[in-house]
Amino acid sequence: MKRVLSFLAAAALLLAGCRAEPPAASDSADSDLISVGICQVGAESDWRVANSESMKATFTEENGYQLYFEDAQQKQENQFRAIRRFIQQQVDYIVLMPITETGWESVLQEAREANIPVILVDRMVDVEDETLYATHIGSDFTREGEIAMEWLEKKYPDETPVSILHIQGTMDSSAQTGRTVALEQALQRHPNWTRLASLNGDFTQAKSYEVVRDFLAQQPTPPTLDVVYCENDNEAFGTIQALEEAGYTCGEGGVTVISFDATRNGLSLCQQGKILLEMECNPLLGPLVEEAIQALESGETLPRQQYVGEASFTPEQVTDTLLEQRAY
Ligand code: GYE
């Protein structure tokens with residue numbers, strides 16, 4: 001609305017071979033739509049798909065928005081390019097789901113120089129100057145991990161050895177660093193807990209399946225596995241498949257699988273008893289981001305940090321109704 005794609009910017013974008021979505025025809029000087037450029041990580045997980053859908057359902061023309069949505073296919077360079085495109089398009093707001101925490105100073109500075117507020121969603125950035133973003137809306141990932149660890153401490157209350165396989169998410173993403181820190185702190189508190197390995201599953205089912213399968217194949221004898229700590233549901237799906245193929249049983253009396261997100265598919269495996277703890281992580285953040293934009297439109301200052309509330313589930317807590325009502 002306030003800022004409109006100029007002919008020169010459009011020409012520059014064309015010369016640079018960049019896409020400008022939606023087509024320039026819908027940009028009009030007298031449009032009173034609020035333009036929002038959303039820079040999404042990718043589509044690596046069920047969580048991510050639900051998060052994108054929540055944004056697209058919120059920022060519609062009927063609701064008063066013009067949405068520019070970019071999927072960065074899990075590459076930070078693509079996120080940089082998308083933000084620079086949004087700056088050239090002179091959008092009113094940039095919503096960024098940063099893939100990793102580091103490396104954001106310059107591009108956020110550029111957005112500030114262009115006077116475009118940046119709202120961080122889901123993961124965080126590690127920048128010295130916190131005023132480079134208007135607010136962060138997402139989960140407290142370390143707290144999620146701590147809740148999982150508190151549950152694990154109750155499950156293994158004595159000094160018997162506990163061997164833990166750790167499947168990490170995309171390295172240097174807040175969801176990975178927070179959930180990993182919680183495990184590492186618990187390992188320090190429990191000398192009888194050992195970490196067999198940390199494998200990088202990149203938050204995807206396919207990669208997690210591969211790394212777990214290869215890890216097991218490399219062991220001279222099948223290792224004792226008490227716990228597998230998967231940093232999201234898609235990792236848990238791939239891991240369970242690899243474990244079962246290698247002859248392990250997941251669930252009570254077998255391997256204790258812990259997972260994060262609590263998607264419908266994850267909760268369903270939890271109900272079946274294959275995942276013993278599901279730590280919820282809420283992807284339906286579109287309405288909260290809209291509230292933030294409306295608050296900024298009315299000149300309000302936002303809190304630097306807005307965490308969403310989340311629950312945890314064990315198999316007996318997963319009812320059919322919960323599964324039916326799960327939107328993601
Ligand atoms: O847990 C995972 C996704 O950053 C909270 O990223 C998000 C995580 C989520 O791909 O499934």
List the residues whose amide H sits under 5 Å from the amide H of Gln305, counting only those 5 or more places along or on another chain, with H placed 1.01 Å from N in the peptide plane. His136
Rolling a 1.4 angstrom probe over the protein chains, ignoring ligands and nucleic acids, what is the accessible area of Phe203 in square angstrom, nearest 10? 10
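Nearest 5 percent is fine: what portion of the DSSP beta bridges confined to the chain is antiparallel?
Just about 5 percent of them are antiparallel.
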Grab the DSSP H runs of the chain that are 4 residues or longer, score each as -39,500 (n - 2.57), total them, divide by all residues and round the 222 nm result to the nearest 500 deg cm²/dmol. -12000 deg cm²/dmol
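How would Met124, Met279 rank on accessible area, largest to smallest, probe 1.4 Å? Please list the in-between numbers first.
Values: Met124 40, Met279 0 Å².
So the residues, ranked largest to smallest area, are Met124, Met279.
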Once the in-chain neighbours fewer than 8 apart are removed, the lysines whose Cα is under 21 Å from Lys274 read Lys154, Lys155, Lys207
Could you tell me the extents of the range 119-225's C-alpha atoms along the three principal axes, largest first, rounded to whole Å? 52, 33, 20
Might you report the magnitude of the Cβ-based charge dipole of the range 209-328 about its Cα centre, with Lys and Arg at +1 and Asp and Glu at -1, to the nearest 20 debye? 180
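Stick to Cα atoms and the Kirkwood definition of Rh, then tell me Rg/Rh for the range 182-283. It would help to have the intermediate numbers written out before the result.
On the way: Rg = 13.1 Å, Rh = 13.8 Å.
Rg divided by Rh gives 0.95.
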List the lysines whose alpha-carbon lies under 27 Å from that of Lys56, not counting same-chain residues fewer than 8 positions away? Lys2, Lys75
Separation in nanometres of the label points that stand 7 Å from Cα toward Cβ, at Asp32 and Ser163: 6.7
Taking a crude spin-label model, label points 7 Å out from Cα along the C-beta direction, the Thr194 to Glu291 distance in nm is 4.8
For labels at Ser298 and Glu113 in the simple 7 Å Cα→Cβ model, what's the distance in nm? 3.4
Chain lengthening between Gln218 and Glu244 when straightened (0.36 nm per residue, less Cα-Cα): 7.7 nm
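Send over a whole-number figure in Å² for the accessible area per residue of the chain, probe 1.4 Å.
Accessible area per residue: 43 Å².
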How large is the accessible surface of Thr249 in square angstrom, using a 1.4 angstrom probe and rounding to the nearest 10? 90
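Which percent of the accessible heavy-atom area of the chain goes to carbon and sulfur, probe 1.4 angstrom?
Values: 7090 of 14110 Å².
Taking all protein chains in place, the chain shows 50 percent carbon and sulfur surface.
The values are calculated or read from the model by the stated rules, or taken from the named source; none is laboratory data. All values derive from a computational prediction rather than experimental measurement. Every residue, glycine as well, gets a Cβ built from its backbone with ideal geometry; the counts of neighbours run over all protein chains shown. The accessibility values were calculated without ligands, DNA or RNA, using every heavy atom of the protein model including side chains. Shrake-Rupley method; radii C 1.70, N 1.55, O 1.52, S 1.80 Å.
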